[in-house]
Amino acid sequence: MLWNIVCDSSCDLTSAELIPGRLLLTVIPMVITVEETHYRDDEHLDPAALLTHMKAAKGPTGTACPSPEAFAAAFRKADRSFCFTISGRLSGTWQAACAGRDLVLEEDRDKEIFVLDGRSTAGSMVLLMRRARALIEEGKESFEGMCRRLQDCRDGLRTVFTLETFDNLVKNGRMRPLLGTVLHTLGIHVIAVGTHQGTIQVADKARGMARTVKALVSQMEQQKDCAGAEVVISHCNNLEGANALREAILKKLPVKSVTILACRGLTTYYAMDKGLIVVF
């Protein structure tokens, strides 16, 4: 029985074979457009070069989700597939994955494919993948039972993040231009949270890294009981900030572990320089 864990590239991981001969991880690239240049968000993309281009760009920028056929090709590789996507409220990726699932099930009704809207991005997919892998390794539940467990896992996850620049949020209509300009000029970091519906809500503001780290940890405390939680921090060109946040989390909260990942292309596009995304 061959399994495939599938997700889009907002997970900040790359494709790999997790358990040789039995379990695959397939990461499907999204596409970022900056002026006339199209960046495929795969292992060949240089996030630093993308960031430099975005800072200098005068023309339009945007992102595009993978095609249904890209997901279908991944689902054809295995007998059973779990697929996790960026929030369906922020992207068309979940719909594309569902369409790809339907294409494959029309060809082969014996395959089992579960597509779950991650209602977040970055670390949420990482934690869902870890949970899926554990369930597969345990082998104690039916496919349907595993799907319910993964939904429960998704529903228990929380996301907090901070941005130092707001360019792409403003360009894509997620923040009023005046507010973004004022906050950027004042050097204020926005502290935001992901809602249960998969949208974004501003929760706090802070000036300076020390206060920003303190505000992020405070938001984590408010969002849920963190006892035993696994934490994933994605950073955009901000390893120093990620390490400071990791130390503060381990000192203040009773979490199980903290993993730090560098942003890939899609999360670089929205987090911009110095952004931090925390999922737990």
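Summary of computed values
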quantity	calculated
Residue in the stretch 56-74 that is of a type in the set (Gly, Ala, Ser), in contact (Cβ under 8 Å) with a residue 60 or more places away in the chain and closer than 25 Å to residue 37 by Cα present	yes
Unique residue being touching a strand residue (DSSP E or B) at 6+ places or on another chain (Cβ under 7 Å) and assigned by TED's automatic domain parsing to the domain that holds residue 123 when the list is 70, 57	70
Failed item in (1) over 20 Å from residue 155 (Cβ atoms); (2) assigned by TED's automatic domain parsing to the domain that holds residue 13; (3) among the charged types (D, E, K, R), with residue 35 passing the rest	(2)
Matching residues in the stretch 192-241 - criterion: being under 22 Å from residue 55 (Cα atoms) and either assigned to a helix (DSSP H, G or I) or touching an Asp or Glu at 6+ places or on another chain (Cβ under 7 Å) (or both)	209, 234, 236, 237, 239, 240, 241
Conditions (1) under 17 Å from residue 75 (Cα atoms); (2) buried (at least 20 other Cβ atoms within 10 Å of the Cβ); number of the one not met by residue 50	(1)
Count of the stretch 63-79 residues which are in contact with a Phe, Trp or Tyr (Cβ under 9 Å, 6 or more places away or on another chain) and either of a type in the set (A, V, I, L, M) or surrounded by fewer than 17 Cβ atoms within 10 Å (Cβ to Cβ) (or both)	2
Tally of residues being crowded, with 17+ Cβ neighbours inside 10 Å, at pLDDT 75 or above and either more than 22 Å from residue 242 (Cα to Cα) or of a type in the set (Val, Ile, Thr) (or both) across the stretch 148-187	6
Any chance residue 71 is within 13 Å of residue 29 (Cβ to Cβ), at pLDDT 95 or above and touching a Gly at 6+ places or on another chain (Cβ under 7 Å)	yes
Residues of the stretch 254-279 classified as assigned to a loop (DSSP other than H, G, I, E, B) and under 16 Å from residue 219 (Cβ atoms), total	2
Residues of the stretch 13-57 that turn out to be among the hydrophobic types (A, V, I, L, M, F, W, C) and either over 14 Å from residue 269 (Cβ atoms) or in a strand (DSSP E or B) (or both), as a count	13
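This table checks each residue for (1) under 25 Å from residue 134 (Cβ atoms); (2) crowded, with 16+ Cβ neighbours inside 10 Å.
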| position | (1), (2) |
| --- | --- |
| 7 | yes, yes |
| 23 | yes, yes |
| 31 | no, yes |
| 55 | no, no |
| 93 | yes, yes |
| 99 | no, yes |
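The values are calculated or read from the model by the stated rules, or taken from the named source; none is laboratory data. Just so it is clear, the model here is predicted, and its values are computed rather than measured. Ideal geometry is used to build each Cβ from the backbone, glycine not excepted, and the neighbour counts take in all protein chains shown.
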